[in-house]
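The structure appears below as structure tokens.
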Amino acid sequence: MSTQIPSRSTTSSDERDSPWASGLTVVAATFLIIAGVWHIIAGFAAVVHDKVYLATPQYIYSFDLTAWGWIHILLGVLEIVAGFAVLKGQTWARVVGIVLACLSMIANFGFLPYYPLWSLLIIALDIGINCALATYRRQPA
């Protein structure tokens, strides 16, 4: 009688990706949606009543606040759409989410003179989004 141990194939159901991968995907999608809502709120405030924000005088990146408002609204809507697509498991949404988070960091760097604490908070959130989306792994079916 042979006592050989059967070899396991690499496609075994025992060998799966880390459960954190799907958890990080949900976290990234949730953060994308939250960041999108926050962008829309900040953009709406800038478009409707631009006296809400006070600009630092002679800041090199100072632009029209209404334009910043529309940029934030557009980024917010795109981030919300990408967040829901990431929740559905769309691969393109992961790439779009990373690009949008990078654009959001750039936009919030330019928005620093108007609302520094808010901008730094969004930049930190965008870093978390990028980290979570970059470590994404699809669960095997």
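So, in the stretch 42-54, of the ones that are assigned to a loop (DSSP other than H, G, I, E, B) and either modelled with pLDDT under 65 or among the β-branched types (Val, Ile, Thr) (or both), which residue ends up farthest from residue 104 (Cα to Cα)?
Filtering first and then ranking leaves 54.
Kindly check whether there is at least one residue in the stretch 28-41 that is surrounded by 14 or more Cβ atoms within 10 Å (Cβ to Cβ), farther than 15 Å from residue 103 by Cβ and either modelled with pLDDT under 75 or touching a Cys at 6+ places or on another chain (Cβ under 9 Å) (or both).
Yes, because at least one residue in the stretch 28-41 is surrounded by 14 or more Cβ atoms within 10 Å (Cβ to Cβ), farther than 15 Å from residue 103 by Cβ and either modelled with pLDDT under 75 or touching a Cys at 6+ places or on another chain (Cβ under 9 Å) (or both).
Which one is nearest to residue 36 (Cα to Cα), of the residues in the stretch 102-118 that are part of a helix (DSSP H, G or I) and in contact (Cβ under 8 Å) with a residue 24 or more places away in the chain? Give the derivation first.
Pass one, the stretch 102-118, residues part of a helix (DSSP H, G or I): 102-110, 116-118.
Remaining after also requiring in contact (Cβ under 8 Å) with a residue 24 or more places away in the chain: 102-104, 107, 109-110, 118.
Values: 102: 13, 103: 12, 104: 10, 107: 13, 109: 16, 110: 17, 118: 13 Å.
Checking each candidate, the answer is 104.
Is it the case that some residue within the stretch 104-119 is small (Gly, Ala, Ser), on the phi > 0 side of the Ramachandran plot and at pLDDT below 90? Quick ask: steps written out before the conclusion?
The initial filter retains those residues of the stretch 104-119 that are small (Gly, Ala, Ser), namely 104, 107, 110, 119.
If we keep only those that are on the phi > 0 side of the Ramachandran plot too, we end up with none.
No, the stretch 104-119 has no match at all.
Name the pairs whose Cβ atoms lie under 8 Å apart, with the first residue in the stretch 22-46 and free of Cβ contacts under 8 Å to residues at least 60 places away in the same chain, the second outside any helix (DSSP H, G or I) and surrounded by fewer than 24 Cβ atoms within 10 Å (Cβ to Cβ), and 6 or more positions between them or separate chains?
Pairs that qualify, where the first residue is free of Cβ contacts under 8 Å to residues at least 60 places away in the same chain and the partner is outside any helix (DSSP H, G or I) and surrounded by fewer than 24 Cβ atoms within 10 Å (Cβ to Cβ), are 45/53.
When you go through 86, 77, 99 one by one, which is the residue that is in a helix (DSSP H, G or I) and without any contact (Cβ under 8 Å) to a residue 24 or more places away in the chain? First the steps, then the outcome.
Numbers: 86 fails: without any contact (Cβ under 8 Å) to a residue 24 or more places away in the chain; 77 fails: without any contact (Cβ under 8 Å) to a residue 24 or more places away in the chain.
The conditions single out 99.
Restricting attention to the stretch 55-77, which residues are at pLDDT below 65 and either touching a helix residue (DSSP H, G or I) at 6+ places or on another chain (Cβ under 7 Å) or among the hydrophobic types (A, V, I, L, M, F, W, C) (or both)?
Selection gives 55, 60, 61.
Given the criterion assigned to a helix (DSSP H, G or I), in contact (Cβ under 8 Å) with a residue 60 or more places away in the chain and closer than 16 Å to residue 34 by Cβ, identify the matching residue among 122, 127. Walk me through it before giving the result.
Values: 127 fails: in contact (Cβ under 8 Å) with a residue 60 or more places away in the chain.
Exactly one residue qualifies, and that residue is 122.
The values are calculated or read from the model by the stated rules, or taken from the named source; none is laboratory data. Since the structure is predicted, the reported quantities are computational estimates derived from the model, not experimental observations. Cβ sites come from the backbone with ideal geometry, for glycine too, and all protein chains shown count toward neighbours.
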